[in-house]
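This report refers to the structure that appears directly beneath it.
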Amino acid sequence: MPAVQETVERVRSIDVDQYKYGFVTDIESEKAPKGLSEDTVRYISAKKNEPEWMLEWRLDAYRRWLTMEEPTWARVSYPKIDFQDYYYYSQPKSTPGPQSLDDIDPEILATYEKLGIPLREREILLGIQNPTSRVAVDAVFDSVSVATTFKAELAKAGVIFCSISEAIREHPDLVRQYLGSVVPVSDNFYATLNTAVFSDGSFVYIPKGVRCPMELSTYFRINERNTGQFERTLIIADEGAYVSYLEGCTAPQRDENQLHAAVVELVALKDAEIKYSTVQNWYPGDKDGKGGIYNFVTKRGDCRGDNSKISWTQVETGSAITWKYPSCILRGDGSQGEFYSIAISNGYQQVDSGTKMIHLGKNTSSRIISKGIAAGRSENTYRGQVTAHRRATNARNFTNCDSLLIGDRCGAHTVPYIEAKNSSAVFEHEATTSKISEDQMFYCLQRGLTQEEAVALIVNGFVKDVLQQLPMEFAVEAQKLISVSLEGSVG
Amino acid sequence: MALLEIKNLHAQIEDNQILRGLDLVVNPGEVHAIMGPNGSGKSTLSYVLAGKPDYEVTAGEALLDGQNLLEMDPDARAAAGLFLAFQYPIEIPGVATMTFLRTAINAQRKARGEAELSTPDFLRLVKEKAGDLGITQDMLRRGVNVGFSGGEKKRNEILQMTLLQPKLCILDETDSGLDIDALKVVSEGVNALRAPDRGMVVITHYQRLLNHIVPDVVHVMNKGRIVRSGGKELALELEASGYAGYSQDAA
Ligand SMILES: Nc1ncnc2c1ncn2[C@@H]1O[C@H](COP(=O)(O)OP(=O)(O)OP(=O)(O)O)[C@@H](O)[C@H]1O
Ligand SMILES: [Mg+2]
């Protein structure tokens, strides 16, 4: 049987139902009534004991959202979402308050175990006194932070790392100053929805001149049936500060499509640097394309000060639909933006992802390395925008955008928008599309590699430029995840 | 027992019958040379034995150590000890040669239920064998066969063969593209692998290679069959007279 044929057969037989992380933790939840109205917004705000200004902000967003249309320009298709058919808030009932790890529901800890959170991080979650690694975990279980660790040590450095709800209560001045300053209330349909109903998320503030003493890490987990997830994250690096933030996600299996619309805002002041890394491994749907997470994310970083730098690194392997464009606004003179991405689609997944680099300041530079891998019957689109405004003298961009196809029923697409209003801008764009050839597969097999080993080897070679951008904690995990995601993509 | 036993092998590709009743027996320790005109099916034979997709075996059998090769997946054939040095080695961009070698060695070890080679052992081994073949550390860092010259690709094939220590080595025109010095180096590499329990099938157009790798048996292949077999002097005869006398042999 010709290899391609064989590939197709195997892809047909992928048992996506065996999704490794498909399980539901049984914990009683407290939910807002189904559907979305001003009352829902008030319910959420009240649940979180929010100040009046926050409620007003949410309500303003909600009213604007009512006038907005769902965007349709992305290369993804899905049945119309009934926004009244979701729960917009749920909270594990047994939340003990984030002070003591001993109080945490053992079910939750068992969940982390199944997720394969690295042992050292589990150690921290389990409250072991002298954990071997220095990764602080702010675990978000459904909508509420249930554990925050290493807080004391971070506090010593003056770093604030807490849930956004807590930040709204404890650090209202910082929150009011920066929240919504990168992604405005009516930025886009999903961001506006998020603003109205966001449930929780993380808040980070690194004070002037401080290098955050450890990587900050959050694991997100969607757990409740029909719970829309609306995380809100705000990270501020004050002048000369540095922080590396890791976000990792997996979700249990379910039939209903789950809506997820997060907003992440990053602010880097003068000479500050933020490195934001994501590994996204949500449920992609079953072998017939049923179920799976709808992931509509707005992530944007503002290089607000001179010589500031923001790097996005993402490994996207999950979700039925991914709509995600982590972007950088290069406002400060000499600021730098980076986007490193690995986006893998298999089965019936649809990925439309990329970045925007908006050059506003002088001598700003940006770098985009995107690796898209499509297998099965998936569609994988890179959408990138690079613009230089009139003031942006000497703007530089380098874009390298490669696609790899596995089998012949998938698609890879590249949609670059490039615009320079300043004639000194130098934008370079490279793009390639390749396919794992039958000859390459046979060569590997002849040397004794199995089909899966061969694909993993070739794919890992294809993505290694991006993998090496990930912090060590993530690189190994991501590499494993890539192999797992492509399991069954060929014979 | 014969190491390789091929009986009445018929194979086709896209409805073109290429192998038409080929018989060949290679005993442990023997080196067999196969010569024959372009298009006679020499590479096809090597691909069919290695299990390349697209080739359909329509009759006959092929046994390696008594195991039915034709029923095994290509990777299982490799793990069972079959190695093919490709006439045209394949490029795999992005995958460092070093990584490829290591993955291959460990994949075969795993398939045979053996433990992985430790990193220091692997590095020592590669360094030594690559040095013998004049393969630089820089080449080992590059993508598999990417940017390698024709001769470098062939040497890389022999390096892989040396590291994998197969039972049956099939070399498809390993000499083409090699300069005189490289021919010597490669031949030495191949000769170093000659062993009482190992067999080799050396496909070549030129007697020159057989001065370095002296065969026990020389076969002439034409139109998908072995049409004549003899000792090493047969190669000299072919060098002098060409294949003119064989074209009408096979109907
Ligand atoms: N995909 C194919 N479709 C049809 N015919 C093919 C295909 N591949 C090979 N052939 C034919 O099979 C025959 C044998 O080819 P093969 O490569 O085995 O010859 P060879 O003896 O190795 O020749 P050379 O000495 O030139 O390397 C040739 O006539 C070739 O054209
Ligand atoms: Mg040939």
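Here's how it looks for A:Glu273: its modeled amide H is under 5 Å from those of A:Ala241, A:Tyr242, A:Val243, A:Lys309, which are all 5 or more places away or on a different chain.
Modelled spin labels at A:Glu419 and B:Gln17, positioned 7 Å past Cα toward Cβ, are 6.7 nm from each other.
The overall shape of chain B, judged from the alpha-carbon gyration tensor, is prolate: a/c is not under 1.5, and a/b is greater than b/c. Can you give the FRET efficiency for B:His212 and A:Ser483, using 1/(1 + (r/R0)^6), R0 = 30 Å, r = Cβ-Cβ distance, to the nearest 0.05? E between B:His212 and A:Ser483, to the nearest 0.05, is 0.10. Placing a label point 7 Å from the Cα of B:Gln165 along the Cα-to-Cβ direction, the residues of the stretch A:431-461 whose backbone N falls under 19 Å from that point are A:447-449. Per residue of A:435-445, other chain Cβ atoms within 10 Å of the residue Cβ number 6 on average. For the residue pairs A:Lys371/B:Lys127; A:Lys270/A:Lys371; A:Lys290/A:Lys371; B:Lys7/B:Lys167, alpha carbon separations beyond 22 Å are given by A:Lys371/B:Lys127; A:Lys270/A:Lys371; A:Lys290/A:Lys371. In the distance distribution for the stretch A:280-338, Cα-Cα pairs more than 15 Å apart total 57 percent. Take the Cα of B:Arg109, step 7 Å toward its Cβ, do the same at B:Arg141, and the gap between the two points is 2.5 nm. The spacing between the stretch B:132-197 and the stretch A:58-93, judged by their C-alpha centroids, is 61 Å.
Placing unit charges on each Cβ (+1 for Lys and Arg, -1 for Asp and Glu) gives the stretch A:253-372 a dipole about its Cα centre, and among A:Ala343, A:Trp282, A:Leu269 the Cα reaching farthest toward its positive end belongs to A:Leu269. A straight chain from A:Asp85 to A:Glu170 at 0.36 nm per residue would run longer than the Cα-Cα distance by 27.3 nm. Model label sites at B:Ser149 and A:Ser186, defined 7 Å from Cα along the beta-carbon direction, differ in position by 6.8 nm. Just want the ordering: B:Leu4, A:Leu174, A:Leu266, from fewest to most Cβ atoms lying within 10 Å of their own Cβ. In increasing order of surrounding Cβ atoms, one gets A:Leu174, B:Leu4, A:Leu266. Nearest 5 is fine: what % of DSSP beta bridges in chain B come out antiparallel, could you say? Rounded to the nearest five, the antiparallel share is 60 percent.
Coordinate-derived values only; no laboratory data. What you see is a predicted model; the values in this text were computed from it and never measured. Glycine also receives a Cβ, built like all others from the backbone with ideal geometry; neighbour counts cover every protein chain displayed.
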